[in-house]
Amino acid sequence: MFFKKRKKEEKGEANTQPIDVTIEKVRQAVNEYADGLPKGISLRSIVLDDHSINFDVLKAILKGMPNRSFYMSKETFEIFETAELPEQIDHVQKAVDQYIQENGEEPIIPGNPYRKISYFLIRHYLSIEPEVELYLDKEDKMVTHRRPE
């Protein structure tokens, strides 16, 4: 009985130790966590208000707490190393969704082969114009910072 308690305590300590992780490891941990979520529970539950990831729920998967923050879009679930991009993507995703719902068409620059989002078309839905170029995925209509090839 004494040994089991000690092992549990050691395990708990190991899970709170700062660890060095890559963004790819974080993506794998988030995917593993998402696969185990009960139906009806959104992955948004691990994203804090500042878009940082709540690693308390991932520390068992990662076997520790990351020594730095990672950030996640609440709309597209993409993971980043900076806080600005997920906030901008979420803002634009909501604007794009509203524009499509009201106008029945995608707010992309006509003739743009990369499906770049037209900030002019969604200007009424944005409080600020993003500082980066964003694109609309053809398949799932999700906003991304990655230019399609």
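The values are calculated or read from the model by the stated rules, or taken from the named source; none is laboratory data. Predicted model only: the values in this text are computed from it and were never measured. Here the Cβ is made from the backbone with ideal geometry for all residues, glycine too, and neighbour counts use every protein chain on show.
Select from segment 90-149 the residues that are outside any helix (DSSP H, G or I), under 22 Å from Phe80 (Cα atoms) and among the β-branched types (Val, Ile, Thr) and list them in ascending order.
Those that are outside any helix (DSSP H, G or I), under 22 Å from Phe80 (Cα atoms) and among the β-branched types (Val, Ile, Thr): Ile117, Ile128, Val132, Val143, Thr144.
Go through segment 32-53 and give me each residue that's exposed (fewer than 13 other Cβ atoms within 10 Å of the Cβ) and among the polar types (S, T, N, Q).
Correct list: Ser42, Ser45.
Quick one: would you say Glu24 is surrounded by fewer than 16 Cβ atoms within 10 Å (Cβ to Cβ), in a helix (DSSP H, G or I), of a type outside the set (Phe, Trp, Tyr) and modelled with pLDDT of 95 or more?
yes
Kindly provide the set of residues from segment 97-141 that are polar (S, T, N, Q) and either under 20 Å from Glu78 (Cα atoms) or touching a residue at least 24 places away in the same chain (Cβ under 8 Å) (or both), ordered by number.
Of everything in segment 97-141, those that are polar (S, T, N, Q) and either under 20 Å from Glu78 (Cα atoms) or touching a residue at least 24 places away in the same chain (Cβ under 8 Å) (or both) turn out to be Gln98, Ser127.
If we scan segment 37-44, do we find a residue that is in contact (Cβ under 8 Å) with a residue 12 or more places away in the chain and more than 11 Å from the chain's Cα centre (by Cα)?
No: segment 37-44 contains no residue that is in contact (Cβ under 8 Å) with a residue 12 or more places away in the chain and more than 11 Å from the chain's Cα centre (by Cα).
Look at segment 112-141 and say how many of its residues are in contact with a strand residue (DSSP E or B) (Cβ under 9 Å, 6 or more places away or on another chain) and among the charged types (D, E, K, R).
Looking only at that region, the number is 4.
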